[in-house]
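Report on the following structure.
The values are calculated or read from the model by the stated rules, or taken from the named source; none is laboratory data. The shown structure was predicted, so the numbers you read here are calculated from the model rather than taken from an experiment. Neighbour counts are summed over all protein chains in view; Cβ atoms, including those assigned to glycine, are modelled from backbone coordinates with ideal geometry. Protein only, heavy atoms only, side chains kept; ligands, DNA and RNA dropped before computing areas. Shrake-Rupley method; radii C 1.70, N 1.55, O 1.52, S 1.80 Å.
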Amino acid sequence: MKFYSTNNTSSRVSFKDAVFNSMPQDKGLYMPVTIPRLDDKFINNLDSYTLPEIAFHVAQNLLGDDIPADDLKAIINDAINFYAPIVKLEKEVYVLELFHGPSLAFKDFGARFMSRVMSYFLEKGEKQLDVLVATSGDTGGAVALGFLGVPNTRVTILYPKGKVSDIQELQLTTNGQNIRALEIDGTFDDCQALVKQAFTDDELNKKYRLTSANSINIARLIPQTFYYFNAYAQLLKLGINRVVFSVPSGNFGNIGAGLLAWKMGLPVEQFIAATNVNDTVPQFLKSGVYQPKPSVATLSNAMDVGNPSNWVRIADLFKEDMDQLKKLVTGYSFDDWETTKAINAVYKDYKYIVCPHTAIAWKALKTYQQDNKTADTAGIFLSTAHPCKFPDVFSKEIADHIKVPEQVKELQAKAKKSVALGKDFEGFKDYLLKNK
């Protein structure tokens, strides 16, 4: 399979090149030249496959012979070794739990697959791979655990000071080995801008072999399609074949993967882009004007993105029919007060605890179902992180019922190690050059 840049559709690179040179020098993002449509027999019988089997079939169709079948199976079986169940809360309302991986967030799908693909492609004697990643919360922890101890790689995580939860920060800053953390005095957008600028800096690229672990890397996006197909497979087992997905959206890689799955033939009736007050995309879907803006800190911090990188991929998927995009994707945004109210409502109605990002997705789904006829259609909202990562947002009654996993208890006994930097590129570049 060949890939092109969204800023130069005539360009062509291999999957390996797209993975290692995660952002083209023209500052576009890589997309597959052709998006295969999976055959109806596979789609209609998804319920007869396991999650790893679904993942292999989807990945093989996208990647072709870039990775031999046996090697691809081994990568997937190692990376996707946890489950992602749908849980019924009420008639036509299901939650897709994506927090059963090691970092307790949906980012484990992308980070673990990508780290193993990079390790597979790295050859002995090659220059060390320097992975740069900006995080608004969960990406950094998933990438850190995905790459921890991987030979000939080093990961540098940039996170916004005071804008991630305590547990998220511990996941970023307590690893050691080949993982280092930079605490940036700014927003996620500032962190992301520093990473992007590094990829186009001649001096840094001559000195280091740079790549990204953010969702701008195509190897992060591909495995996120797996859980959409797998969720539909679980619905088929229940005798349901119509689905609406409500997706908590920040940098728009998650819903971008869902739309890629739709392009590959997954029969989705509607996607709901659920955001907090950082509502650049919902506003675009209403007005037709795409206007990025500075991000605002909220309780759902992983979605505090004012200029989502992956929007260019979504626009590229629908470049020949933007009206179709506006029909297929509905946007809703909610503030912190509405988020807290949703958390309390979900607990009251179902005795189920959701993180603030998941609460927004539930609220968006319920709003959509009230506004539209959805009979015989399952609404699935994505639960992107374990609630234990956000203890400060819950009332005492709810907090007391959160089951804290053992790996979190172990984290809390470790000491934070990070380097504080400003948001200026020269300071970041200087750090990279002086810390080989």
Does K363 qualify as being assigned to a helix (DSSP H, G or I) and open to solvent by 60 Å² or more (accessible area, probe 1.4 Å)?
yes
Looking only at the stretch 114-123, decide whether some residue is among the small types (G, A, S), part of a strand (DSSP E or B) and either in contact with a Pro (Cβ under 7 Å, 6 or more places away or on another chain) or under 16 Å from I216 (Cβ atoms) (or both).
no
Quick one: how many residues across the stretch 197-219 are farther than 15 Å from A257 by Cβ, open to solvent by less than 10 Å² (accessible area, probe 1.4 Å) and part of a loop (DSSP other than H, G, I, E, B)?
1
Selection status of F56, touching a helix residue (DSSP H, G or I) at 6+ places or on another chain (Cβ under 7 Å), more than 29 Å from N205 (Cβ to Cβ), open to solvent by less than 30 Å² (accessible area, probe 1.4 Å) and of a type in the set (F, W, Y):
no
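Do you know which residues across the stretch 91-113 are part of a loop (DSSP other than H, G, I, E, B) and more than 30 Å from K373 (Cβ to Cβ)? Reasoning before the result, please.
Residues of the stretch 91-113 part of a loop (DSSP other than H, G, I, E, B): 91-92, 98-104, 106.
F99, H100, G101, P102, S103, L104, listed by residue number.
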Give just the number: which of (1) open to solvent by 10 Å² or more (accessible area, probe 1.4 Å); (2) out of contact with any helix residue (DSSP H, G or I) (no Cβ under 8 Å at 6 or more places or on another chain); (3) in contact (Cβ under 8 Å) with a residue 12 or more places away in the chain does G239 not satisfy?
(3)
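Can you report the number of residues in the stretch 187-201 which are more than 16 Å from N278 (Cα to Cα) and touching a strand residue (DSSP E or B) at 6+ places or on another chain (Cβ under 7 Å)? If you could, list the steps in order and put the result at the bottom.
Taking the stretch 187-201 first, the residues more than 16 Å from N278 (Cα to Cα) are 191, 193-201.
Filter once more, so that each one left must be touching a strand residue (DSSP E or B) at 6+ places or on another chain (Cβ under 7 Å): 191, 194-195, 198-199.
The number of residues fulfilling the criteria is 5.
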Can you tell which of F334, F390 is under 30 Å from I157 (Cβ atoms) and modelled with pLDDT under 95?
F390
Sort through V155, V143, V164 and tell me the only one that's buried (at least 20 other Cβ atoms within 10 Å of the Cβ), in a loop (DSSP other than H, G, I, E, B), of a type outside the set (D, E, K, R) and within 18 Å of the chain's Cα centre (by Cα).
V164
Would you say L170 is aliphatic (A, V, I, L, M) and either open to solvent by less than 10 Å² (accessible area, probe 1.4 Å) or assigned to a loop (DSSP other than H, G, I, E, B) (or both)?
no
Taking G149 and the conditions (1) at pLDDT 90 or above; (2) not in a helix (DSSP H, G or I), which numbered condition does it fall short on, given that it satisfies the others?
(1)
Selection status of G137, on the phi > 0 side of the Ramachandran plot and open to solvent by 10 Å² or more (accessible area, probe 1.4 Å)
no
Step by step: first the residues of the stretch 68-97, then only those that are small (G, A, S) and open to solvent by less than 20 Å² (accessible area, probe 1.4 Å), then the one that is modelled with the highest pLDDT. Which residue is that?
A84
Of the residues in the stretch 181-194 that are modelled with pLDDT of 90 or more and touching a helix residue (DSSP H, G or I) at 6+ places or on another chain (Cβ under 9 Å), the one that is most open to solvent (accessible area, probe 1.4 Å) is A193
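A quick yes/no check of all residues on (1) surrounded by 15 or more Cβ atoms within 10 Å (Cβ to Cβ); (2) within 21 Å of L122 (Cβ to Cβ); (3) at pLDDT below 95:
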site: T9; (1), (2), (3): no, no, yes
site: A18; (1), (2), (3): yes, yes, yes
site: Q25; (1), (2), (3): no, no, yes
site: L29; (1), (2), (3): yes, no, yes
site: P36; (1), (2), (3): yes, no, no
site: I43; (1), (2), (3): yes, no, no
site: S48; (1), (2), (3): no, no, no
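When you look at L260, is it within 14 Å of the chain's Cα centre (by Cα), at pLDDT 95 or above and aliphatic (A, V, I, L, M), yes or no?
Values: within 14 Å of the chain's Cα centre (by Cα): yes; at pLDDT 95 or above: yes; aliphatic (A, V, I, L, M): yes.
Taking the combined requirement at face value, the residue satisfies it.
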Please go through (1) surrounded by 20 or more Cβ atoms within 10 Å (Cβ to Cβ); (2) modelled with pLDDT under 95; (3) of a type outside the set (K, R) for D65 and return the number of the only condition it doesn't satisfy.
(1)
